[in-house]
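Data block below; observations after.
The values are calculated or read from the model by the stated rules, or taken from the named source; none is laboratory data. All values derive from a computational prediction rather than experimental measurement. Using ideal geometry, Cβ is built from the backbone for each residue, glycine included, and neighbour counts are taken over all protein chains shown. The area values use the complete protein model at the heavy-atom level, side chains included, leaving out ligands, DNA and RNA. Shrake-Rupley method; radii C 1.70, N 1.55, O 1.52, S 1.80 Å.
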Amino acid sequence: MNSVEYLIGGQKVESVPLPVYSEEAIFFLSDLSHVLLHDPVCRAYPDVMSFAFWCRKGNLQRLQGDCTDKGSRLGRGLAFHVAPSNVPVNFAFSFAFSLLAGNGNIVRAPSKPFPQVERICNAIKEILPHHPEVEKRTAFMRYPVNQEITKAFCAEADARLIWGGDETVQAVRGCPVKPKCVDIVFADRYSLCVLDGNSILQADEKTLQKLAEGFYNDTYLMDQNACSSPHLVLWTTGTETARERFWEAVAEYAARYDLQGMTVVDKFTQMCQDAVDCPEVQKVLRQGGNLLYRAELSSLPENIGAGLRGRGGYFYEADLNTLEGLCPIVNEKYQTLTYFGVEAEKLQEMVMKNCLRGIDRIVPVGKAMDIGIVWDGYDIIGILSRIIQTA
């Protein structure tokens with residue numbers, strides 16, 4: 001395992017479980033939150049700030065209070081994490097969830113040199129010596145794609161958290177594990193947004209600007225790479241005036257986006273591909289130069305989640321006469337539905353009534369990236385711990 005670069009800790013990681021929401025875990029994450037929130041460099045990274053804010057002691061104690069059976073739950077032992085390569089901070093959330101569930105953790109951090117990863121790892125190294133029970137249960141490392149190394153880590157795991165594309169998931173799941181090892185798989189997903197045109201027309205300027213900022217945070221901040229970032233925008237009561245008002249506000253806010261040359265090429269290539277392969281695309285509108293592409297659909301292709309995906313500000317949009325009109329395209333690939341001007345209860349009722357295989361989250365615009373202990377439909381703390389039953 002000479003190719004493994006340990007960022008924190010080493011090969012020997014304690015697998016003796018702790019209770020869920022242990023004092024050791026809560027105090028450690030609270031200290032980590034304090035360090036990150038007071039690091040002036042970290043303030044430039046909203047995703048790091050979101051993680052730090054989530055790790056606040058008050059939030060963790062609230063989650064602890066909501067866990068009604070915490071007195072009878074222990075961690076499973078040792079968890080092996082394969083973090084996504086294109087979302088910088090998910091590795092830290094994955095670690096935090098498993099730590100709260102009472103597990104020791106070996107985390108494969110993203111291989112790309114994200115500054116967010118460096119800042120979080122530096123903060124962890126700073127406080128770990130003050131938390132010996134967590135320190136001996138923690139290792140972060142990197143290594144190039146190597147199935148033999150992955151097999152070695154999987155063989156020791158009592159749980160695996162696998163983030164990434166479908167190919168990554170299949171490769172890791174193919175590695176032998178202990179008979180009782182549990183997997184939580186965060187595979188490739190697709191997300192969308194529902195907007196009510198009348199509500200946008202009635203919104204005052206402050207509300208509209210907040211909506212544009214929230215939509216930007218859901219999409220542009222992660223270049224639309226996050227599974228929860230919408231690619232498809234569906235309009236109820238959508239007039240052309242409402243669309244223009246919304247998209248103009250988004251384009252204006254997106255002026256702060258660091259548009260890379262490769263992203264421009266990708267968006268233009270996607271537009272050309274849509275013109276050839278997707279007859280439902282009526283036209284593609286550009287706003288703010290290359291900042292915003294809008295591909296207008298005449299109807300919703302059944303396979304839209306498989307092929308019609310944007311990047312860095314490339315969106316598909318269509319009219320939605322009724323909420324049920326969404327149902328034919330929703331499969332297990334669909335994760336998050338963001339909304340504005342539509343009642344969340346009606347969206348949930350639509351999912352439940354039609355027994356849809358997809359849509360695990362229904363959140364307001366601006367909350368797509370708000371990860372929590374329930375994610376992709378999984379109760380992560382519940383799955384990563386075991387109940388000590390009495391009778």
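Before moving on, here are some points about what is shown:
- With 0.36 nm allotted per residue and the present C-alpha distance subtracted, the Asn321-Gln202 stretch has 40.9 nm of extension available.
- Estimated inter-spin distance, Asp379 and Ala306, nm [label 7 Å along Cα→Cβ]: 3.4 nm
- Exposure ranking of Val4, Val284 by accessible area [1.4 Å probe, largest first]: Val284, Val4
- Extension gain, Asn122 back to Gln260 (0.36 nm per residue minus Cα-Cα distance, nm): 46.9 nm
- Cβ-Cβ distance of His34 and Ser298, R₀ of 51 Å, FRET efficiency by 1/(1 + (r/R0)^6): the value works out to about 0.45.
- For the residue pairs Lys210/Lys367; Lys12/Lys125; Lys70/Lys180; Lys70/Lys367; Lys283/Lys367; Lys151/Lys178, the alpha carbons lie more than 19 Å apart in Lys70/Lys180; Lys70/Lys367; Lys283/Lys367.
- Here is the tail figure for segment 233-285: Cα pairs spaced more than 18 Å apart come to 53 percent of all pairs.
- Looking at the chain alone, DSSP beta bridges between its own residues are antiparallel in about 25 percent of cases.
- Most mobile listed residue (Val351, Val182, Val265) in the chain, GNM with C-alpha springs under 10 Å: Val265
- Segment 332-351 versus segment 126-142: alpha-carbon centroid distance in Å: 39 Å
- With R₀ set to 56 Å, the beta-carbon distance separating Glu252 from Gln389 gives a calculated FRET efficiency near 0.45.
- Compactness of segment 1-113 as Cα Rg over 2.2 N^0.38 Å, two decimals: 1.11
- Considering only Ala344, Ala249, Ala44, the mean-square fluctuation computed in a Gaussian network model of the chain, springs between alpha carbons under 10 angstrom, is largest for Ala44.
- Estimated distance in nm for a label pair at Gln147 and Ser72, the labels positioned 7 Å out from Cα along Cα-to-Cβ: 4.3 nm
- Within segment 234-355, percent of DSSP bridges classed antiparallel, to nearest 5: 50 percent
- A cysteine counts as unpartnered when no other cysteine's C-beta lies under 4.7 Å of its own; in the chain this applies to Cys42, Cys55, Cys67, Cys121, Cys181, Cys193, Cys227, Cys272, Cys278, Cys327, Cys355.
- Computed over every Cα-Cα pair of the chain and binned at 20 Å starting from 0, the pair-distance distribution P(r) comes out as 27, 55, 19, 0 percent.
- Site pair Val16 and Arg56 shows an inter-label distance of 3.5 nm when each label is modelled 7 Å from Cα along Cα→Cβ.
- About its Cα centre, the dipole of segment 71-199 is roughly 320 debye, where the only charges are +1 on Lys and Arg Cβ and -1 on Asp and Glu Cβ.
- Residue-level accessible surface for His38, protein heavy atoms, 1.4 Å, Å²: 110 Å²
- Residue range of the chain that is longest and free of trypsin sites (Lys or Arg not before Pro) which are both DSSP loop and sparsely packed (at most 14 other C-beta within 10 Å): 181-356
- With a Förster radius of 41 Å applied to the beta-carbon distance between His130 and Gln348, the computed FRET efficiency rounds to 0.40.
- Here, P(r) means the percent of Cα pairs in each 5 Å bin from 0 to the largest distance; for segment 283-364 it is 3, 12, 22, 24, 20, 12, 5, 1, 0.
- Acute angle (nearest 10 degrees) that the helix 344-353 long axis makes with the longest principal axis of the chain, alpha-carbon atoms: 80 degrees
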